[in-house]
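The values are calculated or read from the model by the stated rules, or taken from the named source; none is laboratory data. It should be emphasised that the depicted structure is a prediction, and the values quoted were computed from it without experimental measurement. So basically every Cβ, Gly included, is an ideal-geometry build from the backbone, and we count neighbours across all protein chains shown. Calculation scope for accessible area: heavy atoms of the full protein, side chains included, ligands and nucleic acids excluded. Shrake-Rupley method; radii C 1.70, N 1.55, O 1.52, S 1.80 Å.
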Amino acid sequence: MHEKMEAKGQRLLKGKPKGHKRGGPGNSGDGGGSKKQRLDGGTVSYFRRVSDRLKEGFADEEDRGVFVENVLSEVKGKAALVAMDMTGSLVLEGLLALASPAQVAEVLEELGGETGSEFTAVACNQCGGHVMESAVRQAHRWTEETPDVTGAREEEHCGMLEAQVQRVSGVVRENMVAFAQDPYGSHLLRTLMHVLGGCVTRDTPGTQKAKKDKRCEPELVDFEIPTSFWWELKHLADHLMENINVFVSNLTACAALQTLLAVCHRKRPKLCKKLNKSIMGYLTSLSSAPGVSPLLVFMKDQSGSHLLQKIFQFSQKALLRDVYRNHLRSHLMPLALHPIANFPIQSLIAAATPHKLFLKIFDELMEGFEAILAAGNIAVVVQMVESCVQWEERQGELLQRLLQAFHCSEPASLQVSCLPLFLSFLTYEVYFNTETAEGDSVTQASPQAFSVCYHGSRLVQALAGFKERSVLMNSLHDLCARDLLTFATDPFGSHAFQVMVTLASDKGRGKILKKMEDMYVDLACSMYGSRLLEAVWNSATISQRRRIADKLVPSESPLRSDRFARHVWAKFGLTAFLKRQGDWMEAQTGESKKRKMFRDILE
């Protein structure tokens with residue numbers, strides 16, 4: 001079968017099912033009187049073989065082109081039926097990514113029918129929606145050169161795809177509310193916003209990478225767009241604002257509105273500014289209880305809070321100042337304590353950081369600092385600390401309040417234990433299992449095992465950026481070797497450790513490295529520890545690097561056989577250190593001079 005599929009110039013996959021009509025992949029298995037047509041079993045088997053062939057790849061572009069052209073010829077006349085089939089849609093998605101712009105345009109033309117009205121049924125289908133997204137996303141290739149096509153014909157092919165994307169946009173625009181509220185159609189709307197704006201996700205939907213880490217924002221890639229796309233995006237935004245009540249109140253539609261804001265912020269800042277102002281004007285104009293701003297209601301709403309996070313993130317100084325003065329002033333504390341409203345408060349703090357407005361927000365939130373921690377909304381506190389890195393005049397006050405909140409402020413001797421408390425987000429009494437008995441006597445059991453949480457790592461990374469960090473560094477020096485190793489090899493802790501070591505002075509770094517000398521091999525053999533060790537190496541002096549190398553080379557065999565440590569061995573040039581120390585020293589000196597030169601330029 002594979003030999004047939006690879007035959008150039010011949011129809012691939014000749015093993016079509018019996019009764020297969022010419023020009024289409026197959027007939028419906030339900031008969032002409034059925035309410036819903038389906039692909040028959042033989043045709044589904046056909047597309048499974050196509051899928052297997054796609055996974056194998058192609059020897060050259062000519063083979064690939066022949067294969068794509070022949071399979072698309074089998075799809076022709078039944079594109080909508082194939083697109084709405086589970087197996088067929090997956091194959092069609094893969095083919096569209098390999099097809100030329102003209103071929104993609106032809107598929108879209110058939111999916112839309114004569115008037116384009118058929119786009120809606122396909123786009124709002126569980127499988128068809130993915131095909132529509134894939135087809136529209138191919139518009140980022142509208143300027144790429146097509147083999148064997150030159151001059152006016154190539155421009156015509158690009159114009160075909162451009163016209164079909166405009167056609168899709170027109171249908172979506174005229175049925176804006178229906179698409180926005182549909183769980184599948186809304187994804188096409190969001191993809192269309194990206195394409196019309198000139199940016200697409202690097203990874204296609206459903207990739208393994210996206211499944212592994214859903215918290216990560218998809219990486220966007222910019223591309224040049226035709227002028228018509230800019231006008232389509234503007235018209236799309238205008239129609240959206242005409243139905244702003246739906247986009248604010250409906251959770252699915254609200255996600256599309258947030259996508260529009262993100263795209264415009266990236267590619268059309270002026271349009272983003274206009275949208276932010278219009279949306280905020282609508283939200284604040286709604287009726288609410290007497291004396292209560294409607295914005296306070298939206299801050300506590302699941303859909304509204306997400307929208308306000310984006311608005312704050314993309315707003316300029318004037319809008320942020322207006323929102324604070326007229327709607328949020330004196331209300332920040334209740335909002336920061338709320339399980340939903342605290343998220344837009346975090347975005348407000350981050351957005352206000354470059355402006356003096358931050359100082360007003362900071363002072364208001366400091367009044368209930370410990371209450372925020374007690375409510376469990378620790379991300380608000382972490383954001384305050386991260387923002388304070390840019391405001392030196394507030395750093396001392398904030399650090400003192402943190403020490404008080406973790407019950408290690410007084411007596412001063414307790415401050416040396418602050419680092420494990422910050423990293424684990426536990427108070428002194430909880431971490432060290434201390435209890436105050438009658439007569440104020442203190443009974444102390446063994447402390448809890450050293451641990452690091454996500455927000456604790458972020459907190460320490462931010463505190464390491466403060467001008468005065470001696471309290472934090474003293475606490476690091478006080479850690480025992482076992483806790484130090486746990487800290488350095490923890491998924492979250494390694495990031496905090498890296499920041500603390502790299503920002504330390506040469507003398508302070510040397511003191512830390514001396515304490516770590518016996519754990520270099522363990523670090524090199526750890527997934528997270530090896531990354532930390534490389535960061536330490538990059539910031540170390542030549543003499544510090546030499547001491548690190550001296551500790552590593554006696555363990556050559558286990559290091560070179562370990563999947564993480566072998567990269568450390570190669571990057572540190574330890575083979576050269578063993579056999580040609582003069583060359584190794586010369587190489588390290590050269591790197592040191594380069595780092596110093598770039599540092600001087602940046603300063």
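Projecting label points 7 angstrom from Cα along Cα→Cβ for Asn433 and Asp506 puts them 4.5 nm apart. Based on Cα contacts under 8 Å between residues 6+ apart, the range 242-313 shows a relative contact order of 34 percent. Across the range 39-54, rounded Karplus estimates of 3J(HN,Hα) from the backbone phi angles (6.51 cos²θ - 1.76 cosθ + 1.60, θ = phi - 60°) give 6, 6, x, x, 5, 4, 4, 4, 6, 5, 5, 4, 4, 4, 5, 4 Hz, Gly and Pro being marked x.
On the range 363-512, 51 percent of the accessible area sits on carbon and sulfur atoms, based on a 1.4 Å probe.
For the range 452-603, the Cβ-based charge dipole about the Cα centre amounts to some 320 debye (Lys, Arg positive; Asp, Glu negative; other atoms uncharged). What GluC sites (Glu not before Pro) in the range 60-115 are in a loop by DSSP, with at most 14 other Cβ atoms within 10 Å of the Cβ? Here the GluC sites (Glu not before Pro) that fit, given the DSSP loop and packing criteria, are Glu114.
The residues of the range 464-591 expose on average 48 square angstrom of accessible surface per residue, using a 1.4 Å probe on protein heavy atoms.
Shown in residue order for the range 124-140 are the 3J(HN,Hα) couplings computed by the Karplus curve 6.51 cos²θ - 1.76 cosθ + 1.60 at θ = phi - 60°: 8, 9, 4, 8, x, x, 5, 5, 4, 4, 4, 5, 5, 5, 5, 4, 5 Hz (x for Gly and Pro). Overall form of the range 357-502: oblate. Here a/c, set by the Cα gyration tensor axes a ≥ b ≥ c, is 1.5 or more, and a/b is not larger than b/c.
Take the Cα of Glu219, step 7 Å toward its Cβ, do the same at Val177, and the gap between the two points is 4.1 nm.
Estimated from the Cβ-Cβ distance and a Förster radius of 45 angstrom, the FRET efficiency linking Ser561 and Gln448 is about 0.80.
Simple point charges give the picture: +1 on the Cβ of Lys and Arg, -1 on the Cβ of Asp and Glu, and for the range 76-139 a dipole about the Cα centre of about 120 debye.
Exceeding 25 Å between C-alpha atoms, which entries from my cross-link table qualify? They are Lys356/Lys507; Lys270/Lys467; Lys274/Lys356.
The answer is Lys356/Lys507; Lys270/Lys467.
If the segment from Met86 to Met527 were pulled out straight at 0.36 nm per residue, it would be longer than the present Cα-Cα gap by 154.8 nm.
Restricting the GluC sites (Glu not before Pro) of the range 462-535 to loop positions (DSSP other than H, G, I, E, B) with no more than 16 neighbouring Cβ atoms within 10 Å leaves Glu468. Taking amide H positions as modeled 1.01 Å from N, with prolines and chain starts lacking one, the residues under 5 Å from Cys199 and 5 or more places away or on another chain are Phe223. Extension gain for Thr227 to Ser543 (0.36 nm times residue separation, less C-alpha to C-alpha distance): 107.9 nm.
Residues in the range 556-572 carry Karplus couplings, in order, of 4, 4, x, 5, 6, 9, 7, 5, 9, 5, 5, 6, 4, 4, 5, 5, 7 Hz; the curve used is 6.51 cos²θ - 1.76 cosθ + 1.60 with θ = phi - 60°, and Gly or Pro positions show x. Overall, the accessible surface of the range 62-126 at a probe of 1.4 angstrom is composed of carbon and sulfur to the extent of 50 percent. Only residues of the range 74-117 count here: report those whose backbone N is under 15 Å from the spot 7 Å along Cα→Cβ of Asp60, or say none. In the range 74-117, the label zone of Asp60 (backbone N under 15 Å from the point 7 Å along Cα→Cβ) covers no residue.
What shape does the range 520-560 take by its C-alpha gyration tensor, where a ≥ b ≥ c are the square roots of the eigenvalues and a/c under 1.5 counts as rounded, a/b above b/c as prolate, and the rest as oblate? Note, shape of the range 520-560 comes out oblate.
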